[in-house]
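The values are calculated or read from the model by the stated rules, or taken from the named source; none is laboratory data. On a predicted model such as this, the values are computed, not experimentally measured, just so you know. In this analysis, Cβ positions are derived from the backbone assuming ideal geometry, glycine residues included, and neighbour counts consider all displayed protein chains. With ligands, DNA and RNA removed, areas are computed over all heavy atoms of the protein, side chains included. Shrake-Rupley method; radii C 1.70, N 1.55, O 1.52, S 1.80 Å.
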Amino acid sequence: MPITALFAGLLAPLYILLALRVSAARRSAKVALGDGGDKDLARRKRVHANFAEYTPFALVLMGLAESLRASPTTLYAAGVCLLAGRLLHAFGVSQANEIIFIRTLGMMLTVSAIAIAALACISLGLGVHLG
């Protein structure tokens, strides 16, 4: 699954960066668990959690679609949407004065990636059984 692996590899540094930002905010706020009422820590935790909630599911769908021999165009479309969506969402939500347009665009692209990969899984999965 080289295309899914490529996008997983490209997304991994963002995941690490978001995790490190949470750790830095924890140290700064001297908070081990939760957010201790610190707004910056709460925001950073939420950005990291949102990434962790959406990205694995999208990558699993992409991997399944790739295993069903989805076209490279379909897989790259999903991967580019996912990568751009996660970057935009993280940037938009990370701002103290949240940039709603960027956050929304990021989520729209993320959901588009999931939809593209899911539709590929459905159509190719049905094709295997009906073919």
Heavy-atom accessible surface of the range 9-131: percent carbon and sulfur, 1.4 Å: 69 percent
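Among the trypsin sites (Lys or Arg not before Pro) in the range 1-58, which ones are in a DSSP loop with at most 14 other Cβ atoms within 10 Å of the Cβ? Mind listing them?
Working: sites: 21, 26, 27, 30, 39, 43, 44, 45, 46; in loops: 30.
Passing both the DSSP loop test and the Cβ count: 30.
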Pick out the long, greasy-scoring helices in the chain: whole DSSP H runs spanning 27 Å or more along their own axis by Cα, mean Kyte-Doolittle at least 0.0. 2-29, 72-94, 100-130
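Hey, can you find the accessible area per residue of the range 30-131 for me, probe 1.4 Å, expressed in square angstrom?
That works out to 56 Å² per residue.
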At q = 0.09, 0.11, 0.18 Å⁻¹, what log₁₀ I(q)/I(0) does the chain have when each alpha carbon counts as one equal point scatterer in the Debye sum? -0.31, -0.44, -0.90
